[in-house]
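Everything below concerns the one structure shown next.
The values are calculated or read from the model by the stated rules, or taken from the named source; none is laboratory data. Because the structure is predicted, anything quoted here is derived from the model rather than measured. Backbone-built Cβ (ideal geometry, glycine too); neighbour counts: all protein chains shown. Areas reflect the complete protein model, heavy atoms only, side chains present, ligands, DNA and RNA absent. Shrake-Rupley method; radii C 1.70, N 1.55, O 1.52, S 1.80 Å.
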Amino acid sequence: MNTIVRGRPALACCVLLLPLAATAGEASIEETKTTVIRRAAATPVIDGNIDPAEWAGIVPIEDFHQIQPTEYAPPSQRTQVYLQYDKDAIYIAARLWDTNPITARIMRQGELMQGDDHLGIIISPQNDRRSGYLFAAGPNGVRVNAIYQNISQTQFDWDGIFQARSSRDGNGWTTEVAFPYKTISMDPDSDTWGINFFRVIASSNERLGWVSRNRSQDPSITGIVTGFSGLDKGIGLDLVPSVSVNQTRRFDPESSDSEVRPSLDAFYKINQSLNAALTFNTDFSATEVDDRQVNLTRFNLFFPEKRRFFLKDLDVFEFGRIGSLNVGNSGQMLSTTMASRENARPFFSRTIGLGADGTPVDLKYGGKLSGRIGRVSVGALGIRQDALGGVDESDLFVGRLSANVLSESSVGLVATHGNPRSNLDNSLIGADVLYQNSRLPGGLNLQAEGWVQQTETTGLEGDDRAYGLGVRLPSNTGWRALAGYKEIGANFNPALGFVSERNIRDITAEVAYTHRLRAGRFQFFFSGLDTRRVELLSGGLQSQATAWRALHFSTRSGDLSRINFFRSREVLRVPFQISRGVFIPVGDYSFNEYNIDFSPTSNRPLSGRIGYRAGDFYTGDRVNVSGQVTWRPSRFFRTTASYDFNDVDLPQGDFIVRLMSLRADIVFSSALSWVNLVQYDNVSGVVGINSRFHLIPEDGKEVFLVLNHNLEDPLAPGAGGFQSRFSELTAKVNYTFRF
């Protein structure tokens, strides 16, 4: 049974905000959809074929509408979703009719299905409008999952065990999915979950949904499913033993080493919504390598976490919405960098188990507690890290509490202790307040946050505080706006967090407008202005950047074009070495640049992106050409080549920076893949080769064979070209036992 409950009128003052969320002539539907789930008479077989006997008597959900290109317009294809459950799992089946050819070129497990048909499922077991999970399945049986890091960010490197199988016929395709309760954090005594669905039809560049507001779907924008009872999470124990065999060779000087490394991860559900995890002799040898970045700024780069142990329940440790400056579908602000957005994060897990230069550091053992106690989210992490170089063994701790207030808001505390990269004592304490109201008229979503942190480090006195404020009106149609403020003390030092700039006052703002067309060749036009100004707390300007996204437009097929203009100002108080032997002297520099970028839709076998940026650069000029080409002739093979070229001419010296990569994926089946990645940049002069066999006989059971090989360009004439410097071969097996 499906019902629609119309929302009550909001406060009259909110009506003033309506122009920010709606395009003239475009309808907005305020509703809450509900459905009742039925208990399964027998556990359905998850094989991708909807057996009428297994799903008999279930009334399907089929009141889908368009999200893209025209929200709330009737869909071009019919979709039916069936729900049932038993004591162990929730089961979902979908019949997806399609009169056009199905797009299904992705077959490697875990790969994002951009440009492919797929069904997405958002579940919020807590039904708190704050937390949740995203699962997706494609026509080839590919499974993708993510955890909502916060309302506006998803972490796709999170890995949860679930089943999905799909099949095709003359009417379209079908899929069946099973989510074990052991995979997610939930209260087995609750009879109500938040749930939502979306469908991507690649041939028409169409996105359908069950519930949406302002073309968005997330844990705060869901329908309601009721009727759960008698859920059994079992003992709640997952044991994941693994063993890796590693052979390492260094070429200069010549040396080799081999190691057999057993490891054990254990996950236990203490009660209905509180999880504990233990790790012993933790092994990250099969983790995917980082994508390389080249730095032409004075500040640190930010690399996202990819290690599974730290990704599990990572949403519990999020603080202050730091890192979240996006306010719509047109991407992050161009005047900011990822590092500046993440600046002052109190806990960043890559500080654990990795040295400052990226050298792995052994973790002897560790434990994690995460989950909910009533309205309170709890997170605690303790790690014993081995010594490395001159840094002694250390005990590291992170604690996080967050209490739900109002209907979608929260208040919280964070604390850290320990210093993984130094022998100096370090601790941090912080508090945050997050406000959200996604139920305003016209689909408007109002978000605001405030936070404060203070650190204590041996030898640093005073100026050790940071705080921030932010407010945003995110929107994918019509007007949108954002304003943010951070102040970070000169001695603010979160040893378990991330800092790229200190002693600053950081002010950000954006205003933008998206106009969507109901018919014709073009889907939307977008223009916006965003800016970032950074002042030194000790006085004076450090930098300022303004980006005018003059025109972004997309065709109905998904081809996207962008024209941008940039105005930058950099004030250097000490010389800045931008390249080997090239120093930018002290001074006040202003420069202008422009950028043209084109990205054809990924629905075609040949796709990619090309961009050109040119203009002033300090006392000279810069030309940047970047591009990517992906060729996917079939679901069994994909190759991607990318190139980023910077030609910088300065009075102090000219230099060229190149960053190149080549990736080739050979996918034998949805269970077996061979991924090869070669990366090179002329700054380090290192060619990195990563080759990775990955076998998944079934979810929770994995076999890896990984080769890493580095060759170095000595950058000296007549030196003989690239020479091997490091080689590592790793075989790893892990198996999940669930009780």
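If you go through region 175-197 and keep only what is open to solvent by 10 Å² or more (accessible area, probe 1.4 Å) and either closer than 15 Å to residue 119 by Cα or assigned to a strand (DSSP E or B) (or both), you end up with 180, 192. Are any of the residues in region 115-128 among the acidic types (Asp, Glu), open to solvent by 30 Å² or more (accessible area, probe 1.4 Å) and over 28 Å from residue 309 (Cα atoms)? No, there is no match, as no residue in region 115-128 is among the acidic types (Asp, Glu), open to solvent by 30 Å² or more (accessible area, probe 1.4 Å) and over 28 Å from residue 309 (Cα atoms).
Out of the residues in region 642-699 that are hydrophobic (A, V, I, L, M, F, W, C) and not in a strand (DSSP E or B), which is nearest to residue 138 (Cα to Cα)?
Quick first cut of region 642-699, residues hydrophobic (A, V, I, L, M, F, W, C) only: 645, 648, 650, 655-657, 659-660, 662, 664, 666-668, 671-672, 674-675, 677-678, 683, 686-687, 689, 693, 695-696.
When the remaining residues are screened for being not in a strand (DSSP E or B), the result is 650, 671, 683.
On the way: 650: 50, 671: 14, 683: 40 Å.
Across region 642-699, the extreme among qualifying residues is 671.
Of all the criteria given as (1) part of a strand (DSSP E or B); (2) open to solvent by 40 Å² or more (accessible area, probe 1.4 Å), the one not satisfied by residue 622 is (2). None of 495, 512, 545, 550 is surrounded by 21 or more Cβ atoms within 10 Å (Cβ to Cβ), among the hydrophobic types (A, V, I, L, M, F, W, C) and closer than 20 Å to residue 591 by Cα except 545.
Considering region 563-577 alone, what residues qualify as being aromatic (Phe, Trp, Tyr) and modelled with pLDDT of 95 or more? Break it down stepwise before answering.
Step one: filter region 563-577 for residues aromatic (Phe, Trp, Tyr), giving 565-566, 576.
Listed by number, the residues that qualify are 565, 566.
Scan 598, 636 and give me the residue that is open to solvent by 60 Å² or more (accessible area, probe 1.4 Å) and modelled with pLDDT under 95. Criteria check complete, one pass: 636.
Which ones in region 610-619 are surrounded by fewer than 17 Cβ atoms within 10 Å (Cβ to Cβ) and not hydroxyl-bearing (Ser, Thr, Tyr)?
Taking region 610-619 as the starting set, the residues that turn out to be surrounded by fewer than 17 Cβ atoms within 10 Å (Cβ to Cβ) are 610, 612, 614, 616, 619.
Passing the criteria: 610, 614, 616.
Screening residue 560 with (1) under 30 Å from residue 665 (Cβ atoms); (2) surrounded by 15 or more Cβ atoms within 10 Å (Cβ to Cβ); (3) at pLDDT 95 or above gives one miss only, at (3). Might you check whether a residue that is among the small types (Gly, Ala, Ser) and either open to solvent by 40 Å² or more (accessible area, probe 1.4 Å) or assigned to a loop (DSSP other than H, G, I, E, B) (or both) occurs anywhere in region 365-375? Yes, region 365-375 contains at least one residue that is among the small types (Gly, Ala, Ser) and either open to solvent by 40 Å² or more (accessible area, probe 1.4 Å) or assigned to a loop (DSSP other than H, G, I, E, B) (or both). Filtered by the rule that a residue be surrounded by 20 or more Cβ atoms within 10 Å (Cβ to Cβ), touching a Lys or Arg at 6+ places or on another chain (Cβ under 8 Å) and of a type in the set (D, E, K, R), region 389-431 gives a lone residue, 408. Could you figure out which of (1) open to solvent by less than 30 Å² (accessible area, probe 1.4 Å); (2) in contact (Cβ under 8 Å) with a residue 60 or more places away in the chain; (3) in a loop (DSSP other than H, G, I, E, B) isn't true of residue 91? Going through the list (1) open to solvent by less than 30 Å² (accessible area, probe 1.4 Å); (2) in contact (Cβ under 8 Å) with a residue 60 or more places away in the chain; (3) in a loop (DSSP other than H, G, I, E, B), residue 91 breaks only (3).
The one condition from (1) farther than 22 Å from residue 335 by Cα; (2) β-branched (Val, Ile, Thr); (3) surrounded by 15 or more Cβ atoms within 10 Å (Cβ to Cβ) that residue 574 does not meet is (3). Picking from residues in region 200-215 that are surrounded by 22 or more Cβ atoms within 10 Å (Cβ to Cβ) and closer than 15 Å to residue 70 by Cβ, the one that is modelled with the lowest pLDDT is 214. Every condition in (1) open to solvent by 60 Å² or more (accessible area, probe 1.4 Å); (2) modelled with pLDDT under 90 is met by residue 700 except one, and the failing one is (1). When every residue of region 678-689 is checked against the conditions, at least one turns out to be acidic (Asp, Glu) and more than 30 Å from residue 164 (Cβ to Cβ). Of the residues screened, residue 603 is one that is open to solvent by 20 Å² or more (accessible area, probe 1.4 Å) and touching a helix residue (DSSP H, G or I) at 6+ places or on another chain (Cβ under 6 Å). Beta carbons closer than 6 Å, at least 6 apart along the sequence or on distinct chains, pair a first residue in region 243-268 that is under 30 Å from residue 713 (Cα atoms) and among the hydrophobic types (A, V, I, L, M, F, W, C) with a second that is assigned to a strand (DSSP E or B) and open to solvent by less than 90 Å² (accessible area, probe 1.4 Å) for 245/731; 251/724; 251/725.
So which residues in region 524-538 are open to solvent by 10 Å² or more (accessible area, probe 1.4 Å) and either modelled with pLDDT of 95 or more or part of a strand (DSSP E or B) (or both)?
From region 524-538, those open to solvent by 10 Å² or more (accessible area, probe 1.4 Å) are 524-525, 527, 529, 531-533, 535-538; that's our starting set.
Residues satisfying the conditions are 524, 525, 527, 529, 531, 532, 533, 535, 536, 537.
Summed over region 156-174, residues that are over 22 Å from residue 698 (Cβ atoms) and of a type in the set (Phe, Trp, Tyr) total 0.
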